Each structure stands twice: as C-alpha cells, then as structure tokens.
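*Asks:* I am attaching a structure below and will ask some questions about it afterwards.
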C-alpha cells in the first residue's frame, strides 16, 4: 500500500486533474419564482476538500487562490455553455486579487467566452472593498470592459463598507442571508437596508436577497425591496436542470461610472469655484470634513491626501486612529508615507513625481452624505482651495485615488 498523500499534494492533484465539480443554484424573480440565472458554486472531490470552505481555505494557505478561481470559473463555464440557456445569466464569484495573478489572462478569456454566448454576472464580495480597494476597482473595470454585469455579494456582513457601494456601482446588490434571516429587526439590519435601498434608488440597481429558505424569509425579502431571490426555498445547489421556467424579468444594467484621469483638484475645480487660502485656513477647512467622519453614525470612508509624510503629524495620526475605532475606513496618501502610519489607518505612499504630492484632499463618503475639500499648492507656498458637497462629484473624484489604494 502506498503512502497517504499529504494535504498539499492532494490539493495540487485537484488543480492538475481539474477535479472540481461545479454545482448551480437558481437565481429567481421573487414575483413568481421563475429563473433569471444560476450561481456557479464549487465542490471538491470526495474527501477532505469536498467542502468549498476547505477547498478555498487550502488554496489561500498555499497561495493558489488565483489558480482555483480560474479552474472553478472555467469548469463552470464549460458546463453552462453545454446548455440551451442562452437567455439566462451565469453568476460567477471572483476574488479581485485573482486578476493580479499569473492566471489573469486565462480568467479573462473564460469570461470573454461566456459573454460571447451568455449573460455573465461577476460577483465580488463586499469584504474586498476594505481588503484591497485597488484590486476591487480593477475587477469592476475589467467586468465593464467585458460588458459583464457586476454584483456586490454578502452586503451586510461588514456594515462599515456600505459607504463604498457607490464606488463599486453594482448592477445587483446581494443582501447577505444574515440580514434576510435576522430573527428580529435591529439597528444594524435597518442600517444595511436603508443604505441598500438608497443606493438602489440612486443607480437603478436590483436587490437580490440571499438565504431565502421559507415563506417567512420570502416575505422579509419583499419588504427589503428585493426583486431577485436565492436560497433553498427556490432550489438547492446541484446539477443544471434540463429545463426551467424562464423569467421575463431583465437583469439591471446601471450606467457605469467614469473614472476620471485627472486628480481630484483638476476634476472638481472645473465645476466648483476655487479661492486662494493659507495652509492654516486649509487645515481648518479639512478639519470640518474630518469632523463629519468623527461624529457620524453612518457607514463611511475617509480619504485624505496629505501630499507628503512630513505633513502628517502625531495629532493627525491620533485623530485618524480615533476615527477608525468608529468602524470607518481611513486611507491617507502621501509621499514617503508608510503602509501603516498609525492604528488601523491605511497608508498609501505616493511617488515623488505624482501630481497628488502638490495637492491636499479631504474626501468623506457616507451612505447618504459626502463632502470634499480639495486644494493645490502654488509656487509661493499658499493654496488654491475649493469645497464640494455634491455626492456624485465627490464619489467620482475619489475613484482615481481608490485605484492607488493597494492592499
């Protein structure tokens, strides 16, 4: 009898032999239970890696997540393309970091092939919003280039990232089952629901309720404004059926956001007035934006460009650190800035020749409110400064900075 294979060797064999079994769960129109598409899920071969949790945990441990993402997407796509469901969508999960790995082009080829013959919805987990915003934005842009739809998954698991929904601008917002199955309404649940409804009204996105297991959950889903549903009440994950009752409901397609090539100052100064000011007055104006973050009870993100690390003093570190204790994500950009300038603050270093080094920016985005102070240094050491409280413009001005926010 041969020696038992190690867990690492067993996982490597799964990748080599493409030993992943795709299963599919229907996504339906809540109005009548008819099918709009299927979410592809993965199962490993019988044994220690049959569970998707064990399978993906092993991939993460071995640094093979991108390999597994590509394999799962490819196998699911092959299976889906053999069906006659040309008018239904395939929902595929994607870890944005996979688009930075060696399988990037293969993964994009799989998605492009699917889009040639089917509708594709790329699901990105809400956790990616805070883990690596730059990778998240790249995944969204790639999906848009392929004309695929984007779904933001697991919304409600991390309420602190709700404010980033407008940055992702998803076509479909998937409310996590923990919200749908909550035993009683709580502040956290109502907070998630209000933010989701606000975003859906703003963009025209559809709301999909996950975890619908019985009529009670279905009633909750309807009350949440969901038009799409998923869960055991409509079907368990399994092989693709031969036939389904197809829905006439069209999936939403929101208007993609423009990612401006300019800096925040260059973009916002085109529509907002700017005036000369001193460094001291600029600090006071930026402090007003920071105060919005310090005193809000909303989900929010704060992005501050200090230009250079020398401009981030100990008092600012303490202030931003305190803001992070309220569950708000704080990103600080600057030349020579370390990745962790203090507490849970996310530091983003800028190159010496980056045009942002001559700018100062304070951007605050909440679920319902946004504000910005934007400034550029003059040759004399003073600043030109402007303010903006148009939420759409503030979000758009934040996008070029998000692409710099690596994990």
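What follows is calculated from the coordinates using simple rules that are stated; it is not laboratory data. Quick caveat, the model's predicted, so the values are computed rather than measured. Cβ sites come from the backbone with ideal geometry, for glycine too, and all protein chains shown count toward neighbours.
*Asks:* On full extension of the chain, what length is gained from residue 314 through residue 202, given 0.36 nm per residue of separation minus the C-alpha to C-alpha distance? Walk me through the numbers before you get to the answer.
*Replies:* Numbers: separation 112, 0.36 × 112 = 40.32 nm, distance 3.89 nm.
Taking residue 314 through residue 202 to full extension adds about 36.4 nm, to one decimal.
*Asks:* Also: Once R0 is set to 22 Å, what does the formula 1/(1 + (r/R0)^6) return for the Cβ-Cβ distance between residue 379 and residue 351, expressed as a FRET efficiency to the nearest 0.05?
*Replies:* On the way: r = 21 Å, r/R0 = 0.94.
Calculated transfer efficiency: 0.60.
*Asks:* Can you sort 136, 268, 88 so the residue with the fewest Cβ neighbours within 10 Å comes first? Walk me through the intermediate numbers first.
*Replies:* On the way: 136 28, 268 25, 88 21.
Lowest count first: 88, 268, 136.
*Asks:* Can I ask one more? Show me 362-369, 106-113, 89-96 ranked by packing, highest mean number of other Cβ atoms within 10 Å first. List each step's numbers first, then the result.
*Replies:* Values: 362-369: 22.2, 106-113: 17.6, 89-96: 24.4.
Going from most to least packed, we get 89-96, 362-369, 106-113.
*Asks:* Further, regarding this structure: Please rank 227, 271, fewest neighbouring Cβ atoms within 10 Å first, as an exposure proxy.
*Replies:* Values: 227 19, 271 10.
With the sparsest Cβ surroundings first, the list reads 271, 227.
*Asks:* Over the chain, calculate the relative contact order: mean separation of alpha carbon pairs under 8 Å at least 6 apart, over the residue count, as a percent. Please list the in-between numbers first.
*Replies:* Working: 793 pairs, mean separation 60.6, N = 407.
Reported relative contact order: 15 percent.
*Asks:* Extending each Cα 7 Å along its Cβ direction at residue 275 and residue 325, get the distance between those two points in nm, one decimal.
*Replies:* 3.6
*Asks:* What is the fewest-to-most order of 258, 118 by other Cβ atoms lying within 10 Å of their Cβ? The partial results should precede the final answer.
*Replies:* Values: 258 9, 118 18.
Fewest-to-most ranking of 258, 118: 258, 118.
*Asks:* Next up: Run lengths n ≥ 4 of DSSP H only: what is the helix-derived mean residue ellipticity at 222 nm for the chain, with -39500 (n - 2.57) per run over all residues, to the nearest 500?
*Replies:* Numbers: 14 runs with 148 residues, N = 407.
Calculated at 222 nm, the ellipticity per residue is -11000 deg cm²/dmol.
*Asks:* Let me ask another. Between residue 82 and residue 61, how high is the FRET efficiency from 1/(1 + (r/R0)^6) when r is the Cβ-Cβ distance and R₀ = 25 Å? Nearest 0.05. Walk me through the intermediate numbers first.
*Replies:* Details: r = 33 Å, r/R0 = 1.32.
Computed FRET efficiency for residue 82 and residue 61: 0.15.
*Asks:* Which of the peptides 310-316, 291-297 is most tightly packed, and how do the rest follow, going by the mean number of other Cβ atoms within 10 Å of each residue? Let's see the in-between values first.
*Replies:* Numbers: 310-316: 13.7, 291-297: 15.9.
Descending mean neighbour count gives 291-297, 310-316.
*Asks:* With both bridge residues required to lie in the range 7-229, what share of the DSSP beta bridges run antiparallel, to the nearest 5%?
*Replies:* Around 30 percent of the beta bridges assigned by DSSP in the range 7-229 are antiparallel ones.
*Asks:* To the nearest 0.05, how large is the calculated FRET efficiency for residue 213 and residue 31 if R₀ is 25 Å and r is the Cβ-Cβ distance? The partial results should precede the final answer.
*Replies:* Details: r = 19 Å, r/R0 = 0.75.
Computed FRET efficiency for residue 213 and residue 31: 0.85.
*Asks:* Here's something else I'd like to know. Could you grab the relative contact order for the range 264-402? Cα pairs under 8 Å, six or more apart, rounded to a whole percent. Before the final figure, lay out the partial values.
*Replies:* On the way: 270 pairs, mean separation 41.9, N = 139.
That works out to 30 percent.
*Asks:* Give me the Kirkwood hydrodynamic radius of the chain, using the inverse of the mean 1/r over all pairs of distinct Cα atoms, in Å to one decimal. The partial results should precede the final answer.
*Replies:* Working: mean 1/r = 0.0440 Å⁻¹.
Hydrodynamic radius (Kirkwood, Cα pairs) of the chain is 22.7 Å.
*Asks:* Tally the DSSP beta bridges in the range 264-402 and give the antiparallel ones as a percent, rounded to 5. It would help to have the intermediate numbers written out before the result.
*Replies:* Numbers: 22 of 34 bridges.
The answer is about 65 percent antiparallel.
*Asks:* Relative to the longest principal axis of the C-alpha atoms of the chain, give the angle of the C-alpha long axis of helix 133-145, reported between 0 and 90° and rounded to the nearest 10°.
*Replies:* Helix 133-145 sits roughly 60 degrees off the main axis of the chain.
*Asks:* Using only Cα atoms and rounding to the nearest 10 degrees, what angle (0 to 90) does helix 314-324 make with the longest principal axis of the chain?
*Replies:* Relative to the chain, helix 314-324 is tipped by roughly 30 degrees.
*Asks:* Still on this structure, I have one more. Mind ordering 274-285, 383-394, 25-36 by average Cβ neighbours within 10 Å, highest first?
*Replies:* Numbers: 274-285: 14.3, 383-394: 18.2, 25-36: 19.8.
Averaged packing, sorted descending, gives the order 25-36, 383-394, 274-285.
*Asks:* Springs between alpha-carbon pairs under 10 angstrom, Gaussian network model over the chain: which of 61, 177, 326 fluctuates most?
*Replies:* For the chain, modelled as a Gaussian network with Cα springs under 10 Å, the answer is 61.
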